[in-house]
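Engineer: This structure is in structure tokens; I'll ask about it shortly.
The values are calculated or read from the model by the stated rules, or taken from the named source; none is laboratory data. None of these values were measured; they are calculated from a predicted model. Heads up, the Cβs are rebuilt from the backbone with ideal geometry, glycines too, and the neighbour counts pull from every protein chain shown.
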Amino acid sequence: MAVDIKNLNHNQLNDLIAKAQQRQTELRKDKVAKLREKIHALIKAEGFAFEDVFGQGRAGKVRKTGGIVPPKYRNPADPEQTWSGRGKRPRWFNDALKAGKKEKDLAI
């Protein structure tokens with residue numbers, strides 16, 4: 001199936017490119033599926049389970065979620081304003097440092 005691309009207009013050429021990319025994706029998926037089957041067969045032939053070789057994957061891992069961090073610094077002008085020391089510094093913290101205070105002066 002030889003296609004003479006010199007005789008194709010812009011739209012036809014774009015369609016041909018899209019179909020070729022789609023076919024390329026299909027071929028890649030087929031190749032990956034065949035490789036996966038080969039790997040599973042090899043693991044089974046050796047007497048192991050997939051999990052023995054590769055572990056539990058994401059299901060076995062527990063991701064630590066960001067919890068509440070206790071505050072490390074308190075605004076002396078307004079004791080309700082606190083900062084944990086993580087993330088961007090609050091404006092009151094920067095203002096206190098500019099006024100001559102030190103971080104240890106603002107620590108709780």
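Engineer: Quick check on G47: is it loosely packed, with under 10 Cβ neighbours inside 10 Å and either touching a residue at least 40 places away in the same chain (Cβ under 8 Å) or assigned by TED's automatic domain parsing to the domain that holds R36 (or both)?
Structural biologist: Values: loosely packed, with under 10 Cβ neighbours inside 10 Å: yes; either touching a residue at least 40 places away in the same chain (Cβ under 8 Å) or assigned by TED's automatic domain parsing to the domain that holds R36 (or both): yes.
Answer is yes for this residue.
Engineer: Out of all the residues in the range 80-108, which are outside any strand (DSSP E or B), aliphatic (A, V, I, L, M) and touching a residue at least 24 places away in the same chain (Cβ under 8 Å)? So that I can check it myself, show each step before the final result.
Structural biologist: Of the residues in the range 80-108, the ones outside any strand (DSSP E or B) are 80-81, 84-106, 108.
After this cut, where a residue has to be aliphatic (A, V, I, L, M) as well, the list is 96-97, 99, 106, 108.
Residues satisfying the conditions are L106, I108.
Engineer: Residue check: is P76 touching a Leu at 6+ places or on another chain (Cβ under 8 Å), free of Cβ contacts under 8 Å to residues at least 60 places away in the same chain and in a loop (DSSP other than H, G, I, E, B)?
Structural biologist: Considered against the rule, which asks whether it is touching a Leu at 6+ places or on another chain (Cβ under 8 Å), free of Cβ contacts under 8 Å to residues at least 60 places away in the same chain and in a loop (DSSP other than H, G, I, E, B), P76 comes out as yes.
Engineer: Among the residues in the range 13-28, are any surrounded by 11 or more Cβ atoms within 10 Å (Cβ to Cβ), at positive phi and not hydroxyl-bearing (S, T, Y)?
Structural biologist: No, the range 13-28 has no match at all.
Engineer: Limited to the range 89-108, what total is found for residues that are in contact with a Leu (Cβ under 9 Å, 6 or more places away or on another chain) and more than 12 Å from A77 (Cα to Cα)?
Structural biologist: Residues in the range 89-108 being in contact with a Leu (Cβ under 9 Å, 6 or more places away or on another chain) and more than 12 Å from A77 (Cα to Cα): 3 in total.
Engineer: Here's something else I'd like to know. Suppose we filter P90, P70, P76 for residues that are at pLDDT below 95 and surrounded by fewer than 10 Cβ atoms within 10 Å (Cβ to Cβ); which single one remains? Explain how you work it out, then say what you get.
Structural biologist: Values: P90 fails: surrounded by fewer than 10 Cβ atoms within 10 Å (Cβ to Cβ); P76 fails: surrounded by fewer than 10 Cβ atoms within 10 Å (Cβ to Cβ).
From the options P90, P70, P76, the qualifying one is P70.
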